[in-house]
Amino acid sequence: MNNKDYLEIDGSLGEGGGAILRLSAAYSILFKKPIAIKNIRANRPNPGLRLQHLLGLKTLANLTNSKLSNCNVGTEKITFSPNIKNEVKSNINLNVNTAASIGLLLQPLQIASLGFKMPEKIELNIRGGGTFGKWAPGLNYLKAVSYKIFEASGLKFKIDILKHGFYPKGGAQVNCHIYPPQKTLKPINLTELGKVERIHGDIVITNQLRRNRDDIGIRIRKTIQQRLKRALNVETDIKVTWVDSISSGVGVSLWAQSDTGAIISSGTNLGDKKTSSEKLGNITAQKIIFYIQNKIPVDNYLSDQLIPLMAYTEEKSCIKVSEITNHTRTNLELTKRFTKKDYKIVKHNNFYKIHL
């Protein structure tokens, strides 16, 4: 294959991080276009592929029988040639020897699978990695928010968390089932929040943090409930779950489904030694309060994840967001490179609408 046959992607585009790599490789499969990516993670202190990116690329290539150029940790240029015959394996095992985010590892798979027709079910058995991680969607968030929206469009993901994993050692055990769409995908139109009557939540805490007189989970939940009652006066259903994990950690997520089908969320919020239980509860509560009070149906953590789905659907889609994040803008620009669809951003007083 000649160089001119590849769609060239500059990895320093926009935020210049791993998102460009994940999306470009997934789009390569989805739109059947070979790619050459240069300047990988050029805007990061340690440019080039990290272990989690390398693992994600190899998994995507393995699942779809696509061709990935020779690459290692630190590689700053790759080529990726998709298998245009849609030969997709039904089962793969993935071993992760770090605390790499499983949520980020799944992102290119969830995008690529928008175009799969067969097999009807794909099973990924993941051993290792993190169910929670900094700057990454936790699996609880993906299950409650992202994958519910995807399922409404026609792509179903089912995740079974057998064991949680936190930084720095990971050690999660997760089974993921992907059910590719068997019908034409429905467009995404989330422009009205509507009415929210109940806010759900998960507080996941590792057993290393159990204390005789100081129940972290109760303190976080109480703070969240008090804050939500004062600001919104809505019902809550917030669960505290203690889990075994190699490394200690706390992960908190809130979400609420409205009567319009929107699911708004706080995203994934992590505890640390410098953050009290009360502060973590307040931070988490304030995020979802902001979206609900401003009638925003798509949170900042979901907006960039929806762009590939909006790009692939035949009909026009539109979402309402509070801001255009760097990841969202990068995804929109990459969409222009791979498709004939162009996007439009319309700014209003305190929100934006993205048409694609």
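Only residues that are closer than 15 Å to Val96 by Cβ and surrounded by 19 or more Cβ atoms within 10 Å (Cβ to Cβ) were counted in segment 64-73, giving 0.
Could you say which residue among Glu151, Glu120 is part of a loop (DSSP other than H, G, I, E, B) and outside the structural domain of Thr64 (by TED's automatic domain parsing)?
On the way: Glu151 fails: part of a loop (DSSP other than H, G, I, E, B).
Glu120 is the lone residue from the list that is part of a loop (DSSP other than H, G, I, E, B) and outside the structural domain of Thr64 (by TED's automatic domain parsing).
The set of residues in segment 134-164 being under 18 Å from Val240 (Cα atoms) and small (Gly, Ala, Ser) consists of Gly138, Ala144.
Could you list, ordered by first residue, the pairs with Cβ atoms under 8 Å in which the first is in segment 22-42 and more than 15 Å from Gln110 (Cβ to Cβ) and without any contact (Cβ under 8 Å) to a residue 24 or more places away in the chain and the second is of a type in the set (Ser, Thr, Tyr) and buried (at least 17 other Cβ atoms within 10 Å of the Cβ), at least 6 apart or interchain? Hits for this filter: zero, empty list.
Taking segment 268-287 as the range and being within 15 Å of Leu302 (Cβ to Cβ) and at pLDDT below 95 as the test, no residue passes.
Is it the case that some residue within segment 187-208 is aliphatic (A, V, I, L, M) and surrounded by fewer than 19 Cβ atoms within 10 Å (Cβ to Cβ)?
Within segment 187-208, the subset aliphatic (A, V, I, L, M) is 188, 190, 193, 196, 199, 203-205.
Pick out the ones that are also surrounded by fewer than 19 Cβ atoms within 10 Å (Cβ to Cβ) and you get none.
No, because not a single residue in segment 187-208 is aliphatic (A, V, I, L, M) and surrounded by fewer than 19 Cβ atoms within 10 Å (Cβ to Cβ).
Counting only residues that are at pLDDT 95 or above and farther than 17 Å from Ile126 by Cα, give me the strands (runs of 3 or more DSSP E) lying completely in segment 156-231 with at least 3 of them. Show your work before the answer.
Details: elements: 156-163, 173-179, 198-206.
Of the strands (runs of 3 or more DSSP E) lying wholly inside segment 156-231, those with at least 3 residues that are at pLDDT 95 or above and farther than 17 Å from Ile126 by Cα span 198-206.
A single member of Ile161, Ile111, Ile92 is within 30 Å of Asp237 (Cβ to Cβ), of a type outside the set (Gly, Ala, Ser) and outside the structural domain of Leu21 (by TED's automatic domain parsing), and it is Ile161. Taking segment 130-160, which residues are in contact (Cβ under 8 Å) with a residue 60 or more places away in the chain and more than 15 Å from the chain's Cα centre (by Cα)? Matches in segment 130-160: Ala152, Ser153. Contact map, segment 186-206: first residue over 30 Å from Ile216 (Cα atoms), second residue among the aromatic types (Phe, Trp, Tyr), Cβ cut-off under 9 Å, separation 6 or more or different chains; pairs are Leu193/Tyr291. Leu306 meets all of the listed conditions (1) at pLDDT 95 or above; (2) assigned by TED's automatic domain parsing to the domain that holds Arg221 but one, namely (2). For segment 329-346, the candidate set comprises residues that are basic (Lys, Arg) and more than 18 Å from the chain's Cα centre (by Cα); within that set, the residue that is farthest from Ile111 (Cα to Cα) is Lys344. When Lys273 is tested against (1) farther than 30 Å from Arg211 by Cβ; (2) without any contact (Cβ under 8 Å) to a residue 12 or more places away in the chain, just one condition goes unmet, and that condition is (1). Considering Ser12, Ser24, Ser28, the condition of being in a loop (DSSP other than H, G, I, E, B) and not charged (D, E, K, R) is satisfied by Ser12 alone. Among the numbered conditions (1) of a type outside the set (Phe, Trp, Tyr); (2) within 20 Å of Ile161 (Cα to Cα); (3) outside the structural domain of Phe116 (by TED's automatic domain parsing); (4) not in a helix (DSSP H, G or I), the only one that Ser266 does not meet is (2).
The values are calculated or read from the model by the stated rules, or taken from the named source; none is laboratory data. As the structure is a prediction and not an experimental result, all values here were calculated from the model. So basically every Cβ, Gly included, is an ideal-geometry build from the backbone, and we count neighbours across all protein chains shown.
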